[in-house]
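Written below as C-alpha cells is the structure these notes are about.
The values are calculated or read from the model by the stated rules, or taken from the named source; none is laboratory data. This one's a predicted model, so the numbers in the text were calculated from it and none came from an experiment. Cβ atoms come from the backbone with ideal geometry, glycine included; neighbour counts cover every protein chain shown. All accessible areas refer to the heavy atoms of the entire protein, side chains included, with ligands and DNA or RNA removed. Shrake-Rupley method; radii C 1.70, N 1.55, O 1.52, S 1.80 Å.
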Amino acid sequence: MTDTQTPAIAYRDVSKYYSGFTALDTVSLTVSDGEFVTLLGPSGSGKSTLLSLAVGSIDADSGIVEIRGRDVRRMKPHERNIGMVFQRYSLFPNKTVAENIAYPLVIRKVAKDEIASRVSASLATMNLMQQANRYPSEISGGQAQRVAVARALVFSPDLLLMDEPLGALDKSLRAGLQEEIRRLQRASGVPTLYVTHDQDEAMYLSDRIALCNHGRIVVLGAPRELYEEPGSQWEACFLGEANILPVSSWTRTADDVQVALSIGTPVTAKAKPTLDANGASVLMIRPEYVHVGESITPTMSRVSATITDIVFLGPRQRVSLEMADGTPLVADLRPWERPGVPGDTVSCGWNDHHSRLVEAGGA
Ligand code: ADP
C-alpha cells in the first residue's frame, strides 16, 4: 500500500557539481501523490539534472533523493518504478506500437492475457487503435509521442518523469498532446515531475511550478500565485509579460507600499512582506491590467504616455506606449476599445492592487 504521507519523490538539499561548475545548488523539492509539478527555467538551469538524479543515471554530490521515502542510491532500477518520456520519442524501432507499449509489462513478467488487456485499454485511451500494428517509422511525431506516454503509464508507475516531451512537436500538435497529458495525469493520479522551458505549457499542466535558474529553485508555487505575486523582476518577466517601471523610493504602510515612480508620480502597490527595503526595486504591472483612455476610473493610479504602436490580435489589441522618461509601457486592451492612434499622448491607469513592487533584476 502507498503511504500518502510520504512524498512520491523528495529532493533534500541536493547539490551536483561538474568540474567546479555548480549544476545544482542545495535544491529541495517534493512531489506529493497525484501532484503535477513542473520544473520551468532557461536552458542550463539544472532541470534535466534533477530528473537524472531520480532515475539514478547520476548521483548527487551532496543531499539525498528519496522515492517513496527510500534513498534512490539503495534502490535497484526496477524498484524505482518510474515512467519516463523524453523529447525524442525513444521508441524501439523494431517493435510495433502495441509491442512498444507492452514492453514495460513484458519485462515485469506480467501474465500474457493481462498484458493484452492493458495494452488494448491503453491503445483505446490514447486513440492509437489504428496504429497498433505499425512500426515507429510508420507513424507521425505526435502519434509517436502518444505511444511514449502510453508506454510510460501502462505499468501504473509510482512516478512519471517527462523531459520536454512536446519540445519536438509543432504548435498545434503540442496543444493537443498537452490536453491529453493533463487529462491522463488527472485521471491516473500518477505523481508527475515535468520539465519544460515553455511557460504556457507549465501554466496549463501544473499544480505547482518550480522556477529554476542557475541550479536553484528560485520560487515554487501554484501558477496563479507565481504569475500574480512574483518576488522579483526576473520572476515577473520569466512567467508572463510585465511592464517594469523604475522607482525612486518607497515606504511600507499597513497593507500596501507607497511608491514614488522615477517619473515623479506617487502610486500605491502591493509587495511581498519580505521585500528588502535596502535593495533596488521596480514596479511591475501586467499588460492586461493597464487601462488606456476611457476605461480608466477615478480610483486608479495613472501616468501619461504616448502611443507608439497598436497591433490588432483578434481577442485583444496590444498598445505600445512610451512614458515621458522613455520607459516603455504595454497595454492589452479588448478589441472594441478605442485608445487613440500612434502619436497621441494619453492617460494610462491601473488598479493599485494589480501593481506590485518587486526586487529589481533577480536573475
Ligand atoms: P537544463 O535541463 O535546465 O537545460 P541541465 O540540467 O541539462 O539543464 O544542465 C545544468 C548545467 O549542468 C548546464 O550548465 C550543463 O551544461 C551542465 N551539465 C549537465 N550535464 C553535464 C555533464 N555531464 N558534464 C558537464 N556539465 C554538465
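For this structure, a couple of remarks:
- Residue 111 being within 20 Å of residue 185 (Cα to Cα) and over 23 Å from the mean Cα position of the chain (by Cα): no
- Looking across the stretch 31-50, the residues that are more than 8 Å from the ligand (Cβ to nearest atom) and either farther than 21 Å from residue 239 by Cβ or at pLDDT below 95 (or both) come down to 32, 33, 34.
- When the stretch 103-127 is filtered for residues that are within 15 Å of residue 146 (Cβ to Cβ) and in contact with a helix residue (DSSP H, G or I) (Cβ under 6 Å, 6 or more places away or on another chain), the ones remaining, listed by number, are 119, 122, 123, 126.
- Scope the stretch 157-194; condition modelled with pLDDT under 95, touching a strand residue (DSSP E or B) at 6+ places or on another chain (Cβ under 9 Å) and polar (S, T, N, Q); matching residues: 185, 188
- Count of residues meeting criterion [at pLDDT below 95 and in contact with a Leu (Cβ under 9 Å, 6 or more places away or on another chain)] in the stretch 272-292: 2
- Residue in the stretch 11-23 that is in contact with a Pro (Cβ under 9 Å, 6 or more places away or on another chain) and more than 12 Å from the ligand (Cβ to nearest atom) present: no
- Apart from one condition, residue 216 fits all of (1) in contact (Cβ under 8 Å) with a residue 60 or more places away in the chain; (2) surrounded by 19 or more Cβ atoms within 10 Å (Cβ to Cβ); (3) among the basic types (Lys, Arg); the exception is (2).
- Extreme residue, nearest to the ligand (Cβ to nearest atom), among residues of the stretch 176-200 that are more than 21 Å from residue 6 (Cβ to Cβ) and open to solvent by less than 10 Å² (accessible area, probe 1.4 Å): 195
- Those residues of the stretch 301-330 which are touching an Asp or Glu at 6+ places or on another chain (Cβ under 8 Å) and of a type outside the set (D, E, K, R), in sequence order: 301, 305, 306, 307, 308, 317, 319, 320, 328, 329, 330
- The residue pairs whose first member lies in the stretch 339-363 and is closer than 16 Å to residue 229 by Cα, whose second member is small (Gly, Ala, Ser) and open to solvent by 60 Å² or more (accessible area, probe 1.4 Å), and whose beta carbons are closer than 7 Å, counting only pairs six or more residues apart or on different chains, are 360/280.
- Enumeration of residues in the stretch 327-363 that are closer than 19 Å to residue 310 by Cβ and in a loop (DSSP other than H, G, I, E, B): 327, 334, 335, 336, 337, 338, 339, 340, 341, 342, 343, 344
- Residue 318 vs. criteria part of a strand (DSSP E or B), over 21 Å from residue 246 (Cβ atoms) and of a type outside the set (A, V, I, L, M, F, W, C): yes
- Scanning the stretch 122-136 turns up one or more residues that are within 26 Å of the chain's Cα centre (by Cα) and under 21 Å from residue 191 (Cα atoms).
- Residue within the stretch 97-116 that is polar (S, T, N, Q), surrounded by fewer than 21 Cβ atoms within 10 Å (Cβ to Cβ) and not in a strand (DSSP E or B) present: no
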